[in-house]
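Shown next, in structure tokens, is the structure this report addresses.
Where a number appears in this text, it was derived from the coordinates with a stated rule and is not lab data. Keep in mind that this is a model prediction, so the values were computed, not measured. Methodologically, a virtual Cβ is constructed for each residue, glycine included, from the backbone with ideal geometry; neighbour enumeration extends over all protein chains shown.
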Amino acid sequence: MTEESTGRKKAGHGEDSIYWDKSKNRYVGAMSHGHAPSGKRRRPKVTGKTKTEVRRKLRELRKEMARGAKAPANYTVAQAVGDWLSQGLKGKEASSIGTYRSLADNHVVPYLGAAKLRDLEADEVDDWLEARAKVLATQSLRMVLAILRRSITHAQRRGRAAQNVAKMVALPEGQAGRPSKSLSLEQGEAVLRAMDGTWIHAYVVLSLLVGVRPEEARPLTWKHVHLGEARGQKPHVDVWRSVRRHGDTKTHKSRRSLAMPKQAALVLKEHKARQKAACRATGAAWTDQRLVFPTDTGTQRDATNVRRSLRALLREAGFKNPGEWTTRELRTSFVSLLSDHGIPIEVIARLVGHSGSGTTERVYRKQLRPVIAEGAEAMDDIFGDEGPAADEAPKGD
């Protein structure tokens, strides 16, 4: 096959070349850019609908390469990622920073960290992504690519990189993520009976029967729990704050007041009475600013602590594999049980604080004022109007 028949002219050493790629249905421009550490010749490429467009892109690429000559020759991807983690995440939650750091340490630095940033090519990033796609879910894959992109952008702003090759690649499809689960009615009844009289039992009752988020339940104080003491007041919980920065809720619609089913109100009354008794025993003054689910020292529990206690409760409830469940699945169970009971998805979306029903339908549905009561009324129907100890008077308040 001749050069004339392919429309491709052989470039001289160090020259740019432009040719027609039938498979892409576009013109391709390639330029010479030295050799990779492996000895392979570097040939950065651009594509376009016309030769004029390709020539323009090649000129722009050469300018970027020239600017890149000013970037530190030995500045590595690992250094770029480290600088972004330490300097580019100001104001972020410690938990978010921890997630980014873990993903970077396990999926970015071990595979690309040693590469010189000025020499990193889109093809190398593509190869890395394809390899990671075999072990990571799509969402995690999206996050590790975002870490690389943002790290290089951070380096560009400081004159340590000329171009962001991570923005030149497409995200491949990762592995299927771990599907969330929901409790069946039978499982829900078993869970509501397990470890009665403990803080984790009260936590599970509130989460399963009212649908609050884990990050809303852990910082909850008694000031935001209303047990119907006021005349004409329905028992309800104000979900207005969370562990997010500045104590704000996730979205405006996350700020909501939710009626509690009778069983939840009864369990929380007894839980509060036990806390007050323990407080009197130590001689400390009671205040409604106290946390509803504190540690033994009165501080807020972390997610790991709650998850460990939940799995102990599930074990007592007869679950064969409690380690497969998370606290967030109490909330998905709340959604599924209501859905199975015939509650409209739009109502469920309001209950869980979503801005629309799309997220509720897609993520959670599995098989501010006024107080939103539909969920409490439905849960009374699902699990019965009265709790297991309804015939007993509440123990103080």
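Structural remarks
- Length available on full extension from residue 96 to residue 116: 0.36 nm per residue minus the Cα-Cα distance, which gives 4.5 nm.
- If the segment from residue 281 to residue 324 were pulled out straight at 0.36 nm per residue, it would be longer than the present Cα-Cα gap by 11.7 nm.
- Computed log10 I(q)/I(0) for region 77-168 at 0.19 Å⁻¹: -0.84, from the Debye equation with unit scatterers placed on every C-alpha and solvent omitted.
- Packing-based ranking, highest mean first, of 94-102, 310-318 given that Cβ atoms within 10 Å are counted: 310-318, 94-102
- Burial ordering of 17, 86, fewest other beta-carbon atoms within 10 Å first: 86, 17
- Among the trypsin sites (Lys or Arg not before Pro) in region 119-202, those placed in a DSSP loop whose Cβ has at most 14 other Cβ atoms within 10 Å are 134, 157, 158.
- Residue pairs exceeding 26 angstrom between C-alpha atoms, taken from 276/320; 24/51; 63/116: 276/320.
- Estimated dipole of region 116-217 in Debye, rounded to 20 [Cβ of Lys and Arg +1, of Asp and Glu -1, Cα centre]: 580 debye
- Cut-off under 5 Å, modelled amide H: who pairs with residue 221 long-range: 292
- R0 of 22 Å, Cβ-Cβ distance residue 73-residue 146: FRET efficiency to nearest 0.05: 0.25
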